[in-house]
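Okay, structure first, notes after.
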Amino acid sequence: MRQCPTCQHTITGAERFCPACGQALATAIWQPSPAIDTTMPILPARNSRLAIASLICGITTWILFFVPLLLAVPAIICGHLGQNAVKRGNGQLTGGGLARFGLVLGYAHVALTVVAFCVVVAVIVAGL
């Protein structure tokens with residue numbers, strides 16, 4: 001319910017004029033809709049391609065274990081780049097976990113390769 005601004009008569013309906021005094025009542029101001037659609041479409045988040053590449057390289061490194069560091073280094077590089085892309089993606093990119101798992105696999109393979117290399121060197125030196 002509203003009241004007439006002039007005579008304070010209570011108005012119950014959607015009248016344009018006060019039934020008591022005839023005063024024109026305020027109505028909503030019509031505004032045209034914008035000519036251009038200003039709403040942003042909501043796109044589904046997608047996985048970072050670098051994060052996926054990091055995970056694939058990390059898994060392949062452990063499958064092809066006899067090729068040390070060939071795929072571990074790209075897994076580490078793509079993992080770091082993938083994590084940065086996800087952070088900068090403002091919710092449009094996902095895959096931080098994929099990149100992190102690729103990093104873990106890559107770093108673990110590098111560490112195991114370094115340990116194996118040290119053991120080989122120690123065996124060679126001890127044998128001389």
Practice task
Report the residue count in region 39-85 for those that are over 18 Å from Phe117 (Cβ atoms) and either touching an Asp or Glu at 6+ places or on another chain (Cβ under 9 Å) or in a helix (DSSP H, G or I) (or both).
Solution key: 24
Completion exercise
From the option list Leu50, Leu71, Leu64, single residue qualifying as of a type outside the set (Lys, Arg) and at pLDDT 95 or above is Leu50
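Here's the yes/no breakdown for (1) of a type in the set (A, V, I, L, M, F, W, C); (2) at pLDDT below 95:
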site	(1), (2)
Cys78	yes, no
Leu81	yes, no
Lys87	no, yes
Gly96	no, yes
Gly102	no, no
Val125	yes, yes
Exercise for the section: Within region 109-119, identify whether any single residue is buried (at least 19 other Cβ atoms within 10 Å of the Cβ), of a type outside the set (Ser, Thr, Tyr) and within 17 Å of Ile52 (Cα to Cα), and answer yes or no. Expected result: no
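The values are calculated or read from the model by the stated rules, or taken from the named source; none is laboratory data. If you're wondering where the values come from, they're calculated on a predicted model, not measured in any experiment. A quick note on method: Cβ atoms are made from the backbone with ideal geometry, for glycine too, and the neighbour counts reach across all protein chains shown.
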